[in-house]
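J.: Quick one: the structure is below, questions incoming.
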Amino acid sequence: MKTNSAENKSLFTGYSKKKLYCLAETYEELAKLYRSRRGSVDMTENKAPLDRRDILYRNELRETNQIFANHLEEISEAFLEVADTVLQVSKPVEHKRRALIQHLKKHGIQARELIFIEGGASRRISMEARSTLRREIPADELAGLLSVYFDRRLMPSLDSTMTIGKGYALFIFEDEPGFTVLSAISRAVKEDEKISGDNFSVEEYGNNQMVAMISDGMGSGEQACHDSCAVIEFMEKFMEAGFSKEKALIMVNGALFSQNPGENLTTLDICSIDLFNGEADFIKAGAAASFLKRGMHVEEIAADTLPLGSVEEISSMQLMVQLCNADMLVMVSDGVTDALGEFGISRLKNLLAKTNYVNPKELSDYLLKCAIGSQGGHIRDDMTVLAMYINQNNNLSNNKIG
C-alpha cells in the first residue's frame with residue numbers, strides 16, 4: 001500500500017514529536033526519583049545519633065541528588081521545546097518551480113527537490129543542486145541568483161554545503177540577517193604568569209544568534225585557565241545541542257557547585273545578539289560591567305551577581321538593549337576595570353566617550369593599553385577586552401518566499 005509523500009512527512013513528524021514527548025517525560029520521572037532520594041536519606045532504621053561525618057555525608061548526598069534532579073528537569077524542558085517547534089514545509093507552485101529551475105539552468109546549475117521551510121523568524125529554501133559547468137560553483141553564487149529571483153537577500157545557512165560540484169548535494173539558504181557584527185579581542189597575561197586565567201568565545205548559533213562570552217577563573221595561571229576554559233566549552237556544547245543560554249548556564253553552574261561548592265569560582269559574561277532584529281541581551285554571573293557606545297554616549301551594562309559555582313541555584317540577571325547601526329559593544333574582564341583604579345568603570349566610560357574608533361581591534365587595543373598604562377606598565381591581573389562593531393544591513397523586500 002502506497003502513501004503520498006505529504007502523508008509520510010506528516011506521520012514522521014507526529015512520530016518524532018511523540019518520541020520527544022516520551023523522552024521529556026522519562027527525564028522528568030528521573031528527576032522525581034532523585035528528589036525522592038533526597039528525602040529518603042533522612043530516614044534511618046537506627047535511631048542512634050549520627051556522628052558529624054555521617055551528617056556531612058548525608059547533606060552532601062542530598063545536595064548531589066538535588067543538582068541531578070535540576071539537570072534532568074532542564075533536559076526534559078529542552079526536549080519539550082524541540083517537540084513544540086512548529087515548522088511549515090511547502091513546495092513552490094509548479095509553474096514557479098519550473099521557472100526557477102530554468103533560471104538556474106542558464107547559469108550552469110541543475111536544481112531539484114525545492115522546499116520552502118518557515119518557522120518563527122526563520123525562513124529557508126532547501127534544494128538539491130549540482131554544477132553542469134566544468135568548474136565548481138560557490139554556494140554564495142547560487143545565493144545571489146536566488147536573491148535576484150525572489151527579490152530578497154539570501155545567504156547559505158551554517159549547515160549548508162558551501163560548494164556546488166558535479167554530484168547533487170543539499171543546499172539551504174536563509175534570509176540575510178538585518179545586522180552583522182565585527183568583533184576583536186585584546187588580551188594581557190598577568191606578569192610572572194605564562195597563561196591567562198581568562199577565556200572567551202565568539203560564535204554564531206542557530207536562528208542567527210551571535211553569542212560572545214568572557215569567563216574569568218578565580219586567581220590566575222593554569223588552574224584559573226582550566227576552570228574558565230571548561231565553562232566556555234561546556235556553554236558552547238550545550239548551545240550547539242540546542243539548549244538556551246539560560247538553561248546551559250544553570251547546568252554548568254550545577255556541575256561546578258557539585259564538584260567543589262564555593263571553590264574554583266568562575267565568572268561568566270554572556271552577550272547574545274539577535275542578528276535579525278538587533279536585540280542584544282546580557283547575562284552576567286559575577287562578571288564585570290559591559291558598555292554600549294553610541295556616538296559620544298556610553299551606557300553601562302552591569303549587574304550585581306555571584307560567580308558560577310558559588311551557590312547551588314545561580315541567580316543571574318538578564319539585561320536587554322536595542323542596537324543601532326554603528327554601535328560599539330565592549331565586554332571586559334575585571335582585570336581591566338580594576339587596573340583603572342577605584343573609579344575604573346567611570347574612567348572606562350570616559351575613555352569610550354572620547355574615542356572615535358570604528359575598528360573594533362583598534363578600540364580593544366587602545367583600552368587595553370590605557371589599562372596597562374594606568375598601572376605604570378605593570379599587569380597585576382589577567383585582562384581581556386572584547387569589542388564588537390554593529391552594522392545594520394539594508395535588506396531587500398521582506399515579502400514571504402514563493
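J.: Largest first, how would 284, 369, 194, 166 line up by accessible area (1.4 Å probe)?
T.: These residues rank, largest area first, as 194, 369, 166, 284.
J.: With labels modelled as points extended 7 Å from the Cα through the Cβ direction, what inter-label distance (nm, one decimal) is found for residue 19 paired with residue 241?
T.: Computed distance between label sites residue 19 and residue 241 equals 1.8 nm.
J.: Say the dipole of the chain comes from +1 at the beta carbon of Lys and Arg and -1 at that of Asp and Glu; which of 64, 364, 114 then lies farthest toward its positive end?
T.: Among 64, 364, 114, the one farthest towards the positive end of the dipole of the chain is 114.
J.: Suppose R0 equals 56 Å. What FRET efficiency, 1/(1 + (r/R0)^6) with r the Cβ-Cβ distance, do residue 149 and residue 354 give to the nearest 0.05?
T.: 0.70
J.: Using θ = phi - 60° and the Karplus curve 6.51 cos²θ - 1.76 cosθ + 1.60, what whole-Hz ³J(HN,Hα) does each residue of the stretch 287-297 get, with Gly and Pro shown as x?
T.: Residue by residue, the stretch 287-297 yields 8, 6, 5, 10, 9, 10, 9, 10, x, 8, 8 Hz.
J.: Which listed residue (392, 292, 323) has the Cα farthest towards the positive end of the charge dipole for the stretch 245-402, taking +1 on Lys and Arg C-beta and -1 on Asp and Glu C-beta about the Cα centre?
T.: 392
J.: Can I ask one more? If you place +1 on the Cβ of every Lys and Arg, -1 on the Cβ of every Asp and Glu, and leave all else neutral, what size is the dipole of the stretch 89-204 about its Cα centre, to the nearest 20 Debye?
T.: 980
J.: Provide the solvent-accessible area of residue 251, counting protein heavy atoms only and rolling a 1.4 Å probe, rounded to the nearest 10 Å².
T.: Rounded to the nearest 10, the figure is 10 Å².
J.: Work out how far the C-alpha atoms of the stretch 185-228 reach from end to end along every principal axis, then list the three figures in whole Å, largest first.
T.: Cα extents, longest axis first: 42, 20, 11 Å.
J.: Kirkwood Rh over alpha-carbon pairs of the stretch 141-271, then Stokes-Einstein at 20 °C and 1.002 mPa s: what D in µm² s⁻¹, rounded to an integer?
T.: D, rounded to a whole number, is 122 µm²/s.
J.: Follow-up. Could you work out how much longer the chain between residue 233 and residue 105 gets when fully extended? Use 0.36 nm per residue separation minus the Cα distance between them, nm to one decimal.
T.: That pair, residue 233 and residue 105, stretches by 41.7 nm at full extension.
J.: Express in Å², to the nearest 10, the accessible area of residue 98 obtained by rolling a 1.4 Å probe over the protein heavy atoms while all chains stay in place.
T.: Approximately 150 Å² for this residue.
J.: Can you give me the solvent accessible area of residue 240 with a 1.4 Å probe, rounded to the nearest 10 Å²?
T.: 130
J.: Now for a separate question. Specify the residue with the greatest mean-square fluctuation among 361, 190, 91, computed from a Gaussian network of the chain linking alpha-carbon atoms under 10 Å apart.
T.: Ranking 361, 190, 91 by mean-square fluctuation puts 91 first.
J.: Let me ask another. Scan the stretch 108-171 for GluC sites (Glu not before Pro) in coil per DSSP, keeping those whose Cβ has at most 14 other Cβ atoms within 10 Å, and list them by number.
T.: Those satisfying the criteria are 136.
J.: Nothing charged except the Cβ atoms of Lys and Arg (+1) and of Asp and Glu (-1): what's the magnitude of the dipole of the stretch 243-400 about its Cα centre? Round to the nearest 20 debye. Walk me through the intermediate numbers first.
T.: Details: 12 positive and 19 negative charges, 121 e Å.
Using only the charged Cβ atoms, the result is roughly 580 debye.
J.: Using the Kirkwood radius built from alpha carbon pairs, what does the Stokes-Einstein equation give as D for the chain at 20 °C and 1.002 mPa s, in µm² per second?
T.: Translational D for this selection: 87 µm²/s.
J.: Explain nothing, just compute: Karplus ³J(HN,Hα) = 6.51 cos²θ - 1.76 cosθ + 1.60, θ = phi - 60°, for every residue of the stretch 102-114 in order, whole Hz, x for Gly and Pro.
T.: With coefficients 6.51, -1.76 and 1.60, one gets 5, 4, 6, 4, 5, 9, x, 10, 9, 10, 7, 6, 7 Hz.
J.: I need the shape label for the stretch 269-402. Rule: rounded when a/c is under 1.5, else prolate if a/b > b/c, else oblate, with a, b, c from the alpha carbon gyration tensor.
T.: It comes out oblate by the Cα gyration axes.
J.: For the chain, modelled as a Gaussian network with Cα springs under 10 Å, which listed residue fluctuates most, 142, 33, 329?
T.: Comparing 142, 33, 329 in a Gaussian network model of the chain, the most mobile one is 33.
J.: Sort 191, 222 by heavy-atom solvent-accessible area, probe 1.4 angstrom, most to least. Present the calculation step by step, with values, prior to reporting the outcome.
T.: Working: 191 75, 222 145 Å².
Largest to smallest exposure gives the sequence 222, 191.
J.: Sticking with the crude label model, points 7 Å out along Cα→Cβ, report the distance from residue 324 to residue 277 in nm, one decimal please.
T.: 1.9
The values are calculated or read from the model by the stated rules, or taken from the named source; none is laboratory data. Please read all numbers here as calculations on a predicted model, not as lab measurements. Counting neighbours? That spans all protein chains shown, and the Cβs are built from the backbone with ideal geometry, glycine included. Only protein heavy atoms, including side chains, enter the accessible area calculation; ligands, DNA and RNA are left aside. Shrake-Rupley method; radii C 1.70, N 1.55, O 1.52, S 1.80 Å.
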